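Nothing in this text is a laboratory measurement; each read-out follows from the coordinates by a stated rule. In this text the structure is predicted, and so the values were computed from the model without any measurement. FYI the Cβ positions are ideal-geometry reconstructions off the backbone, even for glycines, and counts take in every protein chain you see.
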Amino acid sequence: MVHTHPRAQPPRSPVSAGQRNGEFKNLVNGEWIESKTGACFDNINPADTSDVVGRFQASSAEDAHEAVRAASAAFETWKRTPISARARILHHAAEYLEDHASRFAEELTREQGKSLNLSKDEFLRSAQTLRFYAVEGQSLTGETFPNDDPDMTVYTQREPLGVVSIITPWNFPVSIPARKIAPALITGNTVVFKPSSDAPLSGYRLAEALVEAGLPKGVLNFITGSAADVGAAITEPAVIRAVSFTGSTAAGEHIHRSVAFTTRTQMELGGKNPLIVMEDADLDKAVDLAIKGGLSLAGQACTGTSRVLVMASIKAEFTAKLVTKVKALKIGAGLTSGMDMGPLATAKQLETVKRYIEYGKREATLLCGGEHLSGGIYDRGYYVSPAIFADVTQEMRIAREEIFGPVIAIIEVSGYADAISKANDTEYGLSAAIVTSNPRYINDFAQDIQSGTVKINRTTTGNLINAPFGGLKQSSTSTFRESGRTGLEFYTQTKTVYRGC
Ligand code: NAD
């Protein structure tokens with residue numbers, strides 16, 4: 001939720017640190033500065049809305065243009081900075097994140113709602129991502145091509161693109177920025193980074209880590225504000241050579257269509273991820289995978305399990321086990337240890353989830369949960385009990401649309417072919433899983449499923465730093481994958497050189 005209000009005092013001149021009295025600044029051209037608007041917005045704790053985690057700059061298009069100009073001015077020098085120097089900065093930034101992981105994790109939990117353990121893992125994973133690209137980026141190579149001229153060498157060389165914009169959501173507010181910013185920087189690009197207004201502090205800490213590590217001015221510019229105010233300024237000018245975006249399909253499609261013809265895009269978008277439970281599945285394991293995949297992060301993972309397709313012969317037993325376990329989950333603040341599920345991250349998300357639960361109640365059978373919790377701590381945050389729906393059919397909204405909340409739809413299937421046909425009957429294709437030990441199903445599933453991530457006897461959620469990640473269909477622009485070595489390709493272009501003597 002974003003409240004804008006004027007700042008009490010007139011803007012101060014730039015100061016070396018970006019944070020004072022709970023107010024966090026933009027980073028433009030190496031200076032931590034306030035927005036020209038003189039306004040801030042509050043970053044609210046979804047587990048306790050009386051807790052303001054910080055106030056961030058409500059930037060304008062003018063602020064954003066300045067950030068783009070700074071990135072543009074810094075490019076030629078950064079491009080020529082030795083790769084070992086660029087790598088060293090990423091290593092130092094990783095160290096900074098590791099050194100402060102406990103404190104930053106608490107902030108992440110306060111701004112986003114997930115448990116402290118998950119927040120700490122996310123900071124450590126982000127540090128690991130910086131280290132991975134510091135190493136992997138140093139061995140990115142071109143190719144040489146045989147030819148008939150003995151005096152000529154033909155080869156490709158890679159070079160950075162220029163200014164890239166990085167726009168990220170609130171659910172993984174540091175690991176998603178890290179997996180975009182690290183490959184952008186190691187390959188010599190300069191960056192304008194806009195985090196989500198619903199969890200900007202963790203991204204701020206990443207920017208701070210890179211500054212503390214010695215990143216030269218203008219190479220990374222951090223700017224907060226609403227998409228309406230700064231979105232076009234950081235996506236549409238032709239000087240922006242690439243936009244790496246993670247967020248909703250609607251916003252990603254809009255950006256993809258509005259950028260310049262010469263701007264590359266990498267859009268990682270929504271999902272409606274299925275988990276198929278075959279007749280031979282270990283049902284306890286299948287239940288655990290459904291719960292972990294569907295309800296950790298309160299269902300707010302792009303790869304979260306939102307549909308469970310269960311064979312008719314085992315549906316009753318699976319469903320009974322699932323409902324029993326889901327009813328026993330403890331719901332509370334991420335800062336409280338022992339909680340299984342935290343709040344929804346924003347007031348808007350709470351409204352969306354409640355709306356889909358109402359659709360579900362009209363369309364299908366609610367087996368448990370789906371209540372907007374109240375009383376005690378629940379009155380202070382955005383808490384919903386996880387909802388399990390049965391008798392869900394393909395045409396229902398809860399079977400088709402991304403909810404991004406703790407709602408699982410159980411869909412009965414009659415066999416493997418029916419399961420695949422229903423799993424693929426969606427506009428999305430981000431992640432999909434199957435629970436089975438049958439080698440035939442395992443083999444066929446990896447081929448038949450229309451999904452960028454395929455999991456066998458694992459949750460739909462979770463992906464490795466060193467393996468490619470991305471979706472099919474409307475879950476991604478399917479141009480360049482993120483993560484792993486492949487993640488470097490988006491940020492480089494190739495020249496073919498014919499070198500004679
Ligand atoms: P969102 O689309 O509302 O916002 C994402 C980011 O884009 C925010 O920083 C927002 O301010 C910015 N933005 C929105 N419109 C913009 C525009 N026109 N120009 C520039 N910036 C713009 O998404 P959200 O609510 O923050 O995140 C939830 C969504 O993200 C879900 O749909 C989820 O599936 C998706 N997601 C996808 C992945 C993935 O890797 N595929 C990962 C995490 C989340």
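How large is log10 I(q)/I(0) at q = 0.13, 0.30, 0.33 Å⁻¹ when the Debye formula is applied to the Cα atoms of the stretch 198-244, each weighted equally and without solvent?
Per q value, in the given order, log10 I(q)/I(0) is -0.38, -1.11, -1.14.
Starting from 0.36 nm per residue, how many nanometres of slack lie between Thr365 and Glu236 once their C-alpha separation is accounted for? Show your work: numbers first, answer last.
Values: separation 129, 0.36 × 129 = 46.44 nm, distance 4.55 nm.
So the chain would gain 41.9 nm between Thr365 and Glu236.
With θ set to phi - 60°, apply the Karplus curve 6.51 cos²θ - 1.76 cosθ + 1.60 along the stretch 440-452 and write out the HN-Hα couplings as whole Hz, x wherever there is a Gly or Pro.
Each residue of the stretch 440-452 in turn: 5, 4, 4, 5, 5, 4, 4, 8, 7, 7, 8, 7, x Hz.
In whole Hz and in residue order, list the ³J(HN,Hα) couplings for the stretch 100-115 that follow from phi through the Karplus curve 6.51 cos²θ - 1.76 cosθ + 1.60, θ = phi - 60°; x for Gly and Pro.
Karplus values, whole Hz, x for Gly and Pro: 10, 4, 5, 5, 5, 5, 5, 5, 4, 4, 5, 8, 10, x, 5, 5.
To make sure I understand, if each residue's beta carbon is the centre and we count other beta carbons within 10 Å, what order do Asp284, Asp444 fall in, fewest to most?
Asp284, Asp444
What is the set of long-range amide H partners of Val154 at a cut-off below 5 Å, with H atoms built 1.01 Å from backbone N?
Excluding prolines and chain starts, which carry no amide H, the hits are Phe145, Arg499.
In a shell of Cβ-Cβ distance under 11 Å around Pro177, excluding Pro177 itself, what net charge do Lys and Arg (+1) and Asp and Glu (-1) give? Write down the numbers at each step before the final one.
Details: positive: Arg179, Lys180, Lys194, Arg205; negative: Glu122.
For residues surrounding Pro177, the net value is +3.
Spelling out what I want: for every residue of the stretch 61-67, take phi, set θ = phi - 60°, compute 6.51 cos²θ - 1.76 cosθ + 1.60 (Karplus), and round to whole Hz; glycine and proline get x.
Couplings: 4, 4, 4, 5, 4, 4, 5 Hz.
Measure nothing but the geometry: give the 0 to 90° angle between the long axis through the Cα atoms of 249-258 and the longest principal axis through the Cα atoms of the chain, rounded to 10°.
30
Could you give the angle, 0 to 90 degrees to the nearest 10, between helix 347-363's Cα long axis and the longest principal axis of the Cα atoms of the chain?
Tilt relative to the chain: about 30 degrees.
For Ala242, what residues show an amide H to amide H distance below 5 Å, using hydrogens built from the backbone and excluding near sequence neighbours?
Placed amide hydrogens put Ser165, Arg264 under 5 Å from Ala242.
Taking the alpha-carbon set of the stretch 273-463, what are its Rg and Dmax in Å?
My reading of the Cα-based Rg and Dmax gives 15.7, 51 Å.
For helix 83-99, report the angle its Cα long axis makes with the longest principal axis of the Cα atoms of the chain; keep it between 0 and 90° and round to the nearest 10°.
Around 50 degrees separate the two axes.
Scan around Ser196 for amide H atoms under 5 Å from its own, H built in the peptide plane at 1.01 Å from N, and keep only partners 5 or more places away or cross-chain.
Correct list: Thr168.
DSSP loop chymotrypsin sites (Phe, Trp or Tyr not before Pro) in the stretch 235-328 with at most 11 other Cβ atoms within 10 Å of their Cβ, which ones?
Qualifying residues, ordered by number: Phe261.
Could you pull out every one of the lysines with an alpha carbon less than 30 Å from that of Lys325, ignoring same-chain neighbours closer than 8 positions?
Result set, ordered by chain and number: Lys114, Lys120, Lys272, Lys285, Lys292, Lys315, Lys348, Lys354, Lys361, Lys422, Lys455.
Using R₀ = 30 Å, calculate the FRET efficiency as 1/(1 + (r/R₀)^6) where r is the Cβ-Cβ separation of Thr262 and Asn117; round to 0.05. Working shown, then result.
Details: r = 44 Å, r/R0 = 1.45.
It comes out at approximately 0.10.
What FRET efficiency, computed as 1/(1 + (r/R0)^6) with R0 = 56 Å and r the Cβ-Cβ distance, is obtained for Ala17 and Glu279, rounded to the nearest 0.05?
Details: r = 60 Å, r/R0 = 1.07.
Efficiency, from the Cβ-Cβ distance: 0.40.
Can you give the longest run of the chain that contains no GluC sites (Glu not before Pro) sitting in a DSSP loop with at most 12 other Cβ atoms inside 10 Å?
Numbers: sites that count: Glu143, Glu395.
Free of exposed loop sites, the longest segment is 144-394.
Can you give the calculated 222 nm mean residue ellipticity of the chain, where each DSSP H run of n ≥ 4 adds -39,500 (n - 2.57) and the sum is split over every residue, rounded to the nearest 500 deg cm²/dmol?
Taking each H run of at least 4 residues, the total per residue is -11000 deg cm²/dmol.
Would you please report the Å³ per residue occupied by the convex hull of the alpha carbon atoms in the chain?
Values: hull volume 75.4 nm³, N = 501.
With only Cα atoms used, the chain gives 151 Å³ per residue.
Cut-off is 10 Å between beta-carbons; in what order do His65, His92 appear when sorted fewest neighbours first? Don't skip to the answer; put the middle values down first.
On the way: His65 14, His92 17.
Listed from fewest to most nearby Cβ atoms, that is His65, His92.
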